[in-house]
Each structure stands twice: as structure tokens, then as C-alpha cells.
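First the structure, in the form of C-alpha cells, and then the observations on it.
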Amino acid sequence: MSPSVLEFTVFDQNGEYQDIAENDLITKYILQRRGDGTMLDVSQGDYDNVENGTKRFRHSDSTWNSVLDGLK
């Protein structure tokens, strides 16, 4: 069975950067059946090409760890 994919752009309205398309990040969820369960793969980027990319990456990294821990 093919994986299910959801991809969308995100922008933090409370961020310290311009609200322009070049500052949007792309978030992608991939759901794939694994045995009798489901694997979730989450990716987000491209931090190298957005304003305050390093700062945004560090903030997102800690946020995603908290979110994903809640799914276990």
C-alpha cells in the first residue's frame, strides 16, 4: 500500500520576520503501514532559505520533540 502524504506551508504569525511567501516553511507528514501499526514521518524545512532560519529551527526542534513524545 502506498503511503499517505500531507504537505502544507506554515508561517508563525507571532514570528520576528516578514510575512512573505519566502519565509514559509513546508511541513510534510507521511503515514505508512508497518506490520500491525502505522509509522509517522514528519519533516519541516527549508530553514536554510528563510529569515532567522537557525533560530526558527532551534525553536521548532524543541516543539516537535514535545509534540511527537505525546504521540507515543
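With +1 on the Cβ of every Lys and Arg and -1 on the Cβ of every Asp and Glu, and nothing else charged, how large is the dipole of the chain about its Cα centre, in debye rounded to the nearest 20? Write down the numbers at each step before the final one.
Details: 7 positive and 13 negative charges, 89 e Å.
Value, rounded to 20: 420 debye.
Along the Cα→Cβ direction, 7 angstrom out, place labels at Lys55 and Glu22. What is the inter-label distance in nm?
Each label point lies 7 Å from its Cα, and together they span 1.7 nm.
Please compute the contact order of the chain in relative form: average sequence separation of alpha-carbon pairs under 8 Å and at least six residues apart, divided by the residue count, as a percent.
On the way: 83 pairs, mean separation 18.0, N = 72.
That works out to 25 percent.
In nm, what is the difference between 0.36 nm times the number of residues separating Ser62 and Tyr29 and their Cα-Cα distance?
Working: separation 33, 0.36 × 33 = 11.88 nm, distance 1.76 nm.
Result: 10.1 nm gained on full extension.
Which value at 222 nm does the chain reach when only helices count, each DSSP H run of 4 or more adding -39,500 (n - 2.57), with the total divided by all residues and rounded to the nearest 500 deg cm²/dmol? Present the calculation step by step, with values, prior to reporting the outcome.
On the way: 1 runs with 17 residues, N = 72.
Mean residue ellipticity at 222 nm (helix-derived): -8000 deg cm²/dmol.
Helix 53-69 versus the longest principal axis of the chain: what angle, 0 to 90°, nearest 10, using Cα atoms?
Once rounded, one gets 30 degrees.
For the chain, what class follows from the C-alpha gyration tensor (a ≥ b ≥ c being the square roots of its eigenvalues): rounded when a/c is under 1.5, otherwise prolate if a/b is larger than b/c, else oblate?
Numbers: a/c = 3.12, a/b = 1.90, b/c = 1.64.
It comes out prolate by the Cα gyration axes.
Computed from the coordinates by the stated procedures, all read-outs in this text should not be read as laboratory data. Quick caveat: nothing in here was measured; it's all calculated off a predicted structure. All Cβ positions, even for glycine, are placed from backbone atoms using ideal geometry, and neighbour counts span all protein chains on display.
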